[in-house]
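Let me begin by presenting the structure, written as structure tokens, before commenting on it.
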Amino acid sequence: FYTREPGATGPCDYPALAFVRTPAPGDKVSDRLEVAGWATQDGVGVAKVEVLLDGHVAAIARYGIEDVEVRSQWPGSDDPGQPYVGFEARVDATSYARGSHGLAIRVTGRDGRSRELEKRSVWLETGR
């Protein structure tokens, strides 16, 4: 996992963690794509969650939804947003062609660092 150098001072520099509950990898989705999950970053918290489609920002998620399951899985988490670490977004994918597309989320912490997570392929059933 993550370790600190001997003699280091200050808070640990933890990366963001996230999980996308929906859609699952390989799911067939409509052009009104619903994305939901959770994101956390110990020590600093999460400032923003973006949904990426084929590497481009497709939506800014609504972040701060209560998700008590995350706290129960990581009771030692010191993300200041706990238990309000859930997110959801609706992606308008009508301008994308029918077929396979890459979906991911970009989590930006309150410290300004960002990380792309939960990369997967989804199949867009409708589209142009």
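The values are calculated or read from the model by the stated rules, or taken from the named source; none is laboratory data. Keep in mind that what you see is a predicted model, and the values were worked out from it rather than measured. All Cβ positions, glycine included, derive from the backbone under ideal geometry; neighbour counts span all protein chains shown. When the accessible area is computed, the model is the full protein with side chains, heavy atoms only, and any ligands, DNA or RNA have been set aside. Shrake-Rupley method; radii C 1.70, N 1.55, O 1.52, S 1.80 Å.
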Subject >> Close pairs (7 angstrom Cβ cut-off, 6 or more residues apart or separate chains): small (Gly, Ala, Ser) and open to solvent by less than 50 Å² (accessible area, probe 1.4 Å) in the stretch 107-126, in a strand (DSSP E or B) and modelled with pLDDT of 95 or more anywhere >> reply: Gly109/Val46; Gly109/Ala47
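Assess whether Leu33 counts as being in contact with a Pro (Cβ under 9 Å, 6 or more places away or on another chain) and open to solvent by less than 30 Å² (accessible area, probe 1.4 Å).
On the way: in contact with a Pro (Cβ under 9 Å, 6 or more places away or on another chain): yes; open to solvent by less than 30 Å² (accessible area, probe 1.4 Å): yes.
When the stated conditions are applied, Leu33 passes them.
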Subject >> Number of the exception - Gly45 against (1) more than 14 Å from the chain's Cα centre (by Cα); (2) under 18 Å from Phe19 (Cβ atoms) >> reply: (1)
Subject >> Within the stretch 61-106, considering residues that are open to solvent by 70 Å² or more (accessible area, probe 1.4 Å) and among the hydrophobic types (A, V, I, L, M, F, W, C), the one nearest to Ser30 (Cα to Cα) >> reply: Val68
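Please count how many residues of the stretch 1-24 are in a loop (DSSP other than H, G, I, E, B) and at pLDDT 90 or above.
Of the residues in the stretch 1-24, the ones in a loop (DSSP other than H, G, I, E, B) are 1-16, 23-24.
With at pLDDT 90 or above added as a condition, the list becomes 16, 23-24.
Count: 3.
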Subject >> Residue list for the stretch 48-84, restricted to those being closer than 15 Å to Pro15 by Cα and either in contact (Cβ under 8 Å) with a residue 60 or more places away in the chain or within 14 Å of the chain's Cα centre (by Cα) (or both) >> reply: Lys48, Val49
